[in-house]
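Engineer: For reference, the structure I am asking about is given below.
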Amino acid sequence: MNDKNTLYIVVPCYKEEAVLPETSKRLEAKMTSLMEQGKISEKSRIMFVNDGSSDNTWPIIQSLHEKKPELFSGVNLSRNRGHQNALLAGLLTAMNYADMIISMDADLQDDINAVDAMIDAYHKGYEVVYGVRSKRDTDTFFKRFTAEGFYKVMKALGVDIVFNHADYRLMSRRAVEGLSQFSEVNLFLRGIVPQIGYKWTTVTYERAERFAGESKYPLKKMLAFAADGITSFSVKPIRLVFTAGVIVFIVSVIMLLYALIAKIAGHTSVGWTSLMGSIWLLGGIQLLGLGVVGEYIGKIYNETKHRPRFIIESVLNKQDNE
Ligand code: UDP
Ligand code: MG
């Protein structure tokens, strides 16, 4: 076991006054037991990030910190910036103090007992440990259907994500430092984290229901999130346009030939040949053109994200004079 064992648990909170008292109690118990087992250092903290809530979320965090500064920390965002940004703010703040950081939701739908297994994996040398839902019995059919459909579409579009993993994960400080090099504004952490690399593994757990308060992810936000995820990581939709262009273009040539032959054979009405030919040809050329333009836009898009081109894990190099 290594001695780098300061754990920060980062919890983004948006209007979570209904769950915070219970959440803080449960997390405190977990932290205390981990400390007693010697798995984490005394410097470990639970860091709540208030994502510009208009309710009592921040006052609750403040009072937790006042009562137990040796356990609870807080980060207050200037306004609501959304779950992913709040989480990133917490990760980047915690990175300065922690050796490992676990992110989880304030409603504790993700079983906090998986934390033990995550920390064990960290001590075994894994730098990223993804929490994966074993089943979704407690989700409504609709949520399960849309969520699992989302993972499948993402996979089909060639985006590297971990199936049924939300943002419940452990990252080593090194991994978070890697994450900090991704300067993109459209944050889709589930897609970015696998890009960081390093040794990783998964830990499965069962997802529970929210014990209080309601979901801050209504369908509209979920769809926006999904669209964000896809457009941030895949240029396949553009490729589809291009492919459609190629297909229509080929069909147009066939149609043109067919129309000509039909004309020569003499059983067409006046104007039909030129009409058919131009409709197909123009449509095909337009789609093809759009696809080509799209390819370039895709390139520009990728460049503007300024993602790190590589992250070095280790270097072996010996100089003679050493
Ligand atoms: N959250 C946030 N900012 C937002 C929306 C949500 O920080 O604008 C937090 C929220 O407090 C919770 C987590 O993101 O800790 C996940 O939200 P929720 O549990 O409502 O989503 P669901 O589990 O229904 O997908
Ligand atoms: Mg939830």
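Engineer: Mind checking which strands (runs of 3 or more DSSP E) fall wholly inside the stretch 71-148 and carry at least 3 residues that are crowded, with 21+ Cβ neighbours inside 10 Å and among the hydrophobic types (A, V, I, L, M, F, W, C)?
Structural biologist: Once the strands (runs of 3 or more DSSP E) in the stretch 71-148 are filtered for at least 3 residues that are crowded, with 21+ Cβ neighbours inside 10 Å and among the hydrophobic types (A, V, I, L, M, F, W, C), what remains is 100-103.
Engineer: Identify, from the list E214, E206, the residue that is modelled with pLDDT of 80 or more, over 19 Å from H165 (Cβ atoms) and within 16 Å of ligand 2 (Cβ to nearest atom).
Structural biologist: After applying the criteria, what remains is E214.
Engineer: Give all pairs with beta carbons closer than 8 Å in which a residue from the stretch 94-110 that is over 19 Å from L34 (Cα atoms) and at pLDDT below 95 meets a residue that is within 13 Å of ligand 2 (Cβ to nearest atom) and small (G, A, S); count only pairs at least 6 apart in sequence or on separate chains.
Structural biologist: That search, which allows pairs on different chains as well, returns D105/A166; D107/A212; D107/G213; Q109/A208.
Engineer: Pick from the stretch 217-238 the residues that are within 16 Å of ligand 2 (Cβ to nearest atom) and of a type in the set (F, W, Y): which of them is nearest to G158 (Cα to Cα)?
Structural biologist: F225
Engineer: Could you grab me the full set of residues in the stretch 183-218 that are of a type in the set (A, V, I, L, M, F, W, C), in contact (Cβ under 8 Å) with a residue 60 or more places away in the chain and either open to solvent by 20 Å² or more (accessible area, probe 1.4 Å) or in contact with a Leu (Cβ under 8 Å, 6 or more places away or on another chain) (or both)?
Structural biologist: Of everything in the stretch 183-218, those that are of a type in the set (A, V, I, L, M, F, W, C), in contact (Cβ under 8 Å) with a residue 60 or more places away in the chain and either open to solvent by 20 Å² or more (accessible area, probe 1.4 Å) or in contact with a Leu (Cβ under 8 Å, 6 or more places away or on another chain) (or both) turn out to be L187, L189, V193, I196, W200, A208, F211, A212.
Engineer: Considering the stretch 47-70 alone, what residues qualify as being under 14 Å from L7 (Cβ atoms) and either part of a loop (DSSP other than H, G, I, E, B) or at pLDDT below 95 (or both)?
Structural biologist: E70
Engineer: Conditions: (1) surrounded by 13 or more Cβ atoms within 10 Å (Cβ to Cβ); (2) more than 16 Å from ligand 1 (Cβ to nearest atom); (3) within 17 Å of the chain's Cα centre (by Cα); (4) at pLDDT 85 or above. R169 meets all but one. Number of the miss?
Structural biologist: Result: R169 passes all but (2).
Engineer: Okay, moving on. From G213, G178, grab the single residue that is out of contact with any strand residue (DSSP E or B) (no Cβ under 8 Å at 6 or more places or on another chain) and away from ligand 1 (no atom under 16 Å from the Cβ).
Structural biologist: G178
The values are calculated or read from the model by the stated rules, or taken from the named source; none is laboratory data. Please read these numbers as outputs of a predicted model, since none were measured by experiment. Please note: Cβ atoms are built from the backbone with ideal geometry, for glycine as well, and neighbour counts cover all protein chains shown. Just the protein is used for accessible areas: all its heavy atoms, side chains included, with ligands, DNA and RNA removed. Shrake-Rupley method; radii C 1.70, N 1.55, O 1.52, S 1.80 Å.
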